Amino acid sequence: MVNITLTKTEYQQLTRQAEAYRKFTSVLFQSLIQDPVLGVVKSFCETNLYTKSFLKDLESGLRKSSYAKKYASKNSAYRS
């Protein structure tokens, strides 16, 4: 482990910056829109860039993801 010496002013500035970053990220992540799994898969499908096999795997993975488990009951109708 390496020790670093900071002045009190530098330490206070870094502390303020860290707090501002925490506040910013908490607001940012709270404001993200949680799309339902079928909506996400539909968006991918509409691009006509992906195979049916990929889309099936995508849907399966999304359904198993911690994101889907956390937000599944909070999802509203798909946004277009």
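What to note about this one:
- Size-normalised alpha-carbon gyration radius of region 8-71, reference 2.2 N^0.38 Å: 1.77
- The Cβ shell under 14 Å around LEU62 holds other residues with a net charge of +3, Lys and Arg each +1, Asp and Glu each -1.
- Rounded to the nearest whole Hz, the Karplus-based 3J(HN,Hα) values (6.51 cos²θ - 1.76 cosθ + 1.60, θ = phi - 60°) of region 39-48 follow the sequence x, 5, 4, 4, 4, 5, 4, 5, 6, 6, with x at glycine and proline.
- Maximal additional length on extending the ALA68-VAL27 stretch stands at 12.7 nm, based on 0.36 nm per residue less the C-alpha distance.
- Full extension of the chain segment joining GLU10 with SER43 gains 7.2 nm, where the gain is 0.36 nm per residue of separation less the Cα-Cα distance.
None of the figures in this text is laboratory data; all of them are computed from the coordinates on show. These numbers come from a predicted model, not from an experiment. In this analysis, Cβ positions are derived from the backbone assuming ideal geometry, glycine residues included, and neighbour counts consider all displayed protein chains.
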